[in-house]
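The structure follows.
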Amino acid sequence: MPTNSPLPIIACCLFGLLTAACAGRPVSADDPPQAALPSDVVIVDSRPAPPPSPMYDVLVGEIAAQRGDYKTALEHYLESAREHRDVRLAERATHFGIYAREDALALEAAHLWLELQPENLLIYRILANLELRRGELEAGLAHLERYLEAEADLDEGLRQVGAILARLPEKPLALQAAGRIAASHAEVAAAHQMHGLIARHAADLELAAGELGAAVRLDPDWAQARIQQAQVLVALGRGEAALATLAEGVARLPDDRDLRLAYARMLMNLQRAGEARAQFEALAASRPGDPDILYALALLSLELAQYGDAEGYLRQLERGEARADDARFFLGRLEAERGNHASALDWYRKVAGGEYASEAHIQAAATLARMGRLEPALAEVRQLRAAEPQLRERLLLVEGELLIEADRAGEAMALYGSALQEDPDSSELLYARAMLAERVDRLDLLESDLKRLLEHDPENASALNALGYTLADRTDRHAEALDFIQRALALRPEDPAIIDSMGWVHYRLGNLPLALNYLQDAFARSQDPEIAAHLGEVLWETGEVERARQILLDAWRDHADNEVLRQTVERYRP
């Protein structure tokens, strides 16, 4: 076409690369024929052009989002949302702003979204979160309060607020916001519960206990708040107070499974097995076949040496699905306790998975060794070590124990030595070799291993106690021994073995009254045969011969195979 020819101008709607369509109505075959126009006539469409389409920005934004470029996606969606005031575009821009952590632009998008859709309560939560993430406490609280005012279910609203605050990286700010909200809803149990949970999250356990206690006072039948309060009290070392709130809850809500289960577990943790069993039995009666309850009853019965009951519960579990492998493992333990090694081995072999799968292999190896089949036992441990390298250290210790029990201490020593060449700072291996060194009269190796262990783990109470006790018992370095034992006792003041060591070192130092005090304390905590031997010896030396005789004879009746006790009895012949 010649460039100087007249060009008719037809107004059309053109949208980027996506569409090119004439603005006029399409010609139909049914339209009446029109007269031909002269070639120099220009047609102009005077109708208004349609508004620009958001399609281009949307397309570019989506492509950017698919590539993980959320900032570019945000910019295009926000630009389109501003121009077209479309609620869906504003919503999408807000979310891209959150993903990109472009809080200022996300806030702009969220405010636009709120303006276009003020009835959507989610937007208040998003705005609150964005403001609080920026450290703007007052602005964030204003949005949270507006959300709570509009939320029909206040308890659910407070739960949502708690979820927002728990995710904030600045825990002090979250705790301050939770406190302000709880104060403005002082008569609402859920507000105090929310504050308590945020306080627990921020590691302020005293505040958490107080706020959860306030929630329970306002709503005494709220089982979950009671359980949470009890958990915090336990963390504060107030086990009896935790037990009291759960006991009160069970009395008020006897049919609440979670509450009674928490109460029963708390009794177990406080070593009140008989009471715990009564609670689990009540649960079992109301929920026959519940695998968690049957499992707890089985373990309690094992702990109480009620083996017939334990077997009944475990066999019920083994016939089900939820804890069948756990049941098989403990049936193996039960048969081993009864001395039925072949039956125990059969049960261990049936454990196909679950929490105790690896332990079942270890116990199977130990059972083989007790049956006099040491080589297959060692082979099983070695195969498991090759298959599960994450258990290497544990399995080396098991292999060493099997060798020691078979009077093959030299092989055990070589095993530990080889393992320590690969991992010279392993606390477990150093401690194991040190204990073996004491048995074979290698006190030099015991001392060097325990001191090496203490170089990188100076607060290892077991190592401090073992070194101190050995120096007190086997050398004349008693003052040095006292220092090690004092350090161990400071770390574990309730440990009867360490209290016994303290008594023994004072005996070796000649401090008989002080020695007697410590040994009597240790024996009151544990009737271990070595503690009995030490106490009997000191009582004999202080002139309490009849009492010494009775303690030694009672211990000998149950522990005639204990070497320390045997030597003491032979010395004093009670």
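The values are calculated or read from the model by the stated rules, or taken from the named source; none is laboratory data. Because the structure is a prediction, the values reported are computed rather than measured. Using ideal geometry, Cβ is built from the backbone for each residue, glycine included, and neighbour counts are taken over all protein chains shown. Side chains are part of the model used for accessible areas, which takes the heavy atoms of the whole protein and leaves out ligands, DNA and RNA. Shrake-Rupley method; radii C 1.70, N 1.55, O 1.52, S 1.80 Å.
Each row is one residue, and each column tells you yes or no for (1) more than 28 Å from S427 (Cβ to Cβ); (2) buried (at least 20 other Cβ atoms within 10 Å of the Cβ); (3) of a type outside the set (G, A, S); (4) without any contact (Cβ under 8 Å) to a residue 24 or more places away in the chain.
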site	(1), (2), (3), (4)
A479	no, no, no, no
R492	no, no, yes, no
I498	no, yes, yes, no
Y518	no, yes, yes, yes
S526	no, no, no, no
A533	yes, yes, no, no
E537	yes, yes, yes, no
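Just one of A241, A225 is part of a helix (DSSP H, G or I), at pLDDT below 95 and open to solvent by less than 60 Å² (accessible area, probe 1.4 Å); which is it? Give the steps one after another, and end with the answer.
Values: A225 fails: at pLDDT below 95.
Matching residue, one of A241, A225: A241.
In the range 78-112, what residues are open to solvent by 20 Å² or more (accessible area, probe 1.4 Å) and either touching a Cys at 6+ places or on another chain (Cβ under 6 Å) or small (G, A, S) (or both)?
Within the range 78-112, A100, A104 qualify.
Among the residues of the range 433-471, what is the count of those that are under 18 Å from V505 (Cα atoms), open to solvent by 50 Å² or more (accessible area, probe 1.4 Å) and out of contact with any Ser or Thr (no Cβ under 9 Å at 6 or more places or on another chain)?
Qualifying residue count for the region: 0.
A follow-up question, please. Looking only at residues that are in a helix (DSSP H, G or I) and touching a His at 6+ places or on another chain (Cβ under 9 Å) in the range 415-471, which one is farthest from D483 (Cα to Cα)? Walk me through how you get there before you give the answer.
To start, the set of residues in the range 415-471 that are in a helix (DSSP H, G or I) comprises 415-422, 427-439, 443-456, 461-471.
Remaining after also requiring touching a His at 6+ places or on another chain (Cβ under 9 Å): 427, 471.
Values: S427: 21, L471: 11 Å.
Among residues in the range 415-471 that are in a helix (DSSP H, G or I) and touching a His at 6+ places or on another chain (Cβ under 9 Å), the one farthest from D483 (Cα to Cα) is S427.
Mind listing whichever residues of the range 271-305 are open to solvent by 60 Å² or more (accessible area, probe 1.4 Å) and either over 23 Å from E359 (Cα atoms) or among the β-branched types (V, I, T) (or both)?
Residues satisfying the conditions are Q271, R272, E275, E281, A285, S286, R287, P288.
Starting from the range 134-149, keep only residues that are without any contact (Cβ under 8 Å) to a residue 40 or more places away in the chain and of a type in the set (S, T, Y), then list their pairs with residues that are open to solvent by 50 Å² or more (accessible area, probe 1.4 Å) and in a helix (DSSP H, G or I) whose Cβ atoms are within a distance under 6 Å, requiring at least 6 positions of separation or different chains.
The qualifying pairs are Y147/R125.
Would you say A166 is at pLDDT 85 or above, open to solvent by 10 Å² or more (accessible area, probe 1.4 Å) and out of contact with any helix residue (DSSP H, G or I) (no Cβ under 7 Å at 6 or more places or on another chain)? Show your work before the answer.
Numbers: at pLDDT 85 or above: yes; open to solvent by 10 Å² or more (accessible area, probe 1.4 Å): yes; out of contact with any helix residue (DSSP H, G or I) (no Cβ under 7 Å at 6 or more places or on another chain): no.
No: the conditions fail for A166.
If you scan the range 500-511, which residues turn out to be in contact (Cβ under 8 Å) with a residue 24 or more places away in the chain and open to solvent by 50 Å² or more (accessible area, probe 1.4 Å)?
R508, L509
If you go through the range 314-337 one residue at a time, do you hit one that is without any contact (Cβ under 8 Å) to a residue 24 or more places away in the chain, in a helix (DSSP H, G or I) and aromatic (F, W, Y)?
Looking through the range 314-337, none of the residues is without any contact (Cβ under 8 Å) to a residue 24 or more places away in the chain, in a helix (DSSP H, G or I) and aromatic (F, W, Y).
Same structure again: Given the residues A186, A152, which is the only one that is within 33 Å of the chain's Cα centre (by Cα), surrounded by fewer than 21 Cβ atoms within 10 Å (Cβ to Cβ) and assigned to a loop (DSSP other than H, G, I, E, B)? I'd like the intermediate steps shown before the answer.
Details: A152 fails: within 33 Å of the chain's Cα centre (by Cα).
Going through A186, A152 in turn, just one is within 33 Å of the chain's Cα centre (by Cα), surrounded by fewer than 21 Cβ atoms within 10 Å (Cβ to Cβ) and assigned to a loop (DSSP other than H, G, I, E, B): A186.
Let me ask something additional. Determine, yes or no, whether R134 is over 39 Å from the mean Cα position of the chain (by Cα) and at pLDDT 85 or above. Full working, then the answer.
Numbers: over 39 Å from the mean Cα position of the chain (by Cα): no; at pLDDT 85 or above: yes.
Here the answer is no, as R134 does not meet what is asked.
Is it true that G339 is open to solvent by 20 Å² or more (accessible area, probe 1.4 Å) and out of contact with any Cys (no Cβ under 9 Å at 6 or more places or on another chain)?
Numbers: open to solvent by 20 Å² or more (accessible area, probe 1.4 Å): yes; out of contact with any Cys (no Cβ under 9 Å at 6 or more places or on another chain): yes.
Considered against the rule, which asks whether it is open to solvent by 20 Å² or more (accessible area, probe 1.4 Å) and out of contact with any Cys (no Cβ under 9 Å at 6 or more places or on another chain), G339 comes out as yes.
Check A322, A352, A357, A366 and return the single one that is of a type in the set (G, A, S) and buried (at least 16 other Cβ atoms within 10 Å of the Cβ). Spell out the reasoning first.
On the way: A322 fails: buried (at least 16 other Cβ atoms within 10 Å of the Cβ); A352 fails: buried (at least 16 other Cβ atoms within 10 Å of the Cβ); A357 fails: buried (at least 16 other Cβ atoms within 10 Å of the Cβ).
The conditions single out A366.
Against the condition open to solvent by less than 30 Å² (accessible area, probe 1.4 Å), of a type outside the set (D, E, K, R) and in contact (Cβ under 8 Å) with a residue 12 or more places away in the chain, how does A230 come out, does it pass? Full working, then the answer.
Numbers: open to solvent by less than 30 Å² (accessible area, probe 1.4 Å): yes; of a type outside the set (D, E, K, R): yes; in contact (Cβ under 8 Å) with a residue 12 or more places away in the chain: yes.
Against the criterion (open to solvent by less than 30 Å² (accessible area, probe 1.4 Å), of a type outside the set (D, E, K, R) and in contact (Cβ under 8 Å) with a residue 12 or more places away in the chain), A230 qualifies.
I've got another one for you. For the range 128-147, which residues satisfy the criterion of being surrounded by fewer than 21 Cβ atoms within 10 Å (Cβ to Cβ) and part of a helix (DSSP H, G or I)?
So the first thing to find is which residues in the range 128-147 are surrounded by fewer than 21 Cβ atoms within 10 Å (Cβ to Cβ), and the list is 133-139, 141-142, 145-146.
Once the filter is applied, which keeps residues that are surrounded by fewer than 21 Cβ atoms within 10 Å (Cβ to Cβ) and part of a helix (DSSP H, G or I), the range 128-147 yields R133, L137, E138, A139, L141, A142, E145, R146.
I've got another one for you. Return the only residue of A247, A262 being part of a helix (DSSP H, G or I), modelled with pLDDT under 95, among the aliphatic types (A, V, I, L, M) and out of contact with any Leu (no Cβ under 8 Å at 6 or more places or on another chain).
Details: A262 fails: out of contact with any Leu (no Cβ under 8 Å at 6 or more places or on another chain).
Residue meeting the stated conditions: A247.
Examine the range 412-423 for a residue that is more than 19 Å from R385 (Cβ to Cβ), out of contact with any Asp or Glu (no Cβ under 6 Å at 6 or more places or on another chain) and free of Cβ contacts under 8 Å to residues at least 60 places away in the same chain, and state whether such a residue exists.
No, the range 412-423 contains no residue that is more than 19 Å from R385 (Cβ to Cβ), out of contact with any Asp or Glu (no Cβ under 6 Å at 6 or more places or on another chain) and free of Cβ contacts under 8 Å to residues at least 60 places away in the same chain.
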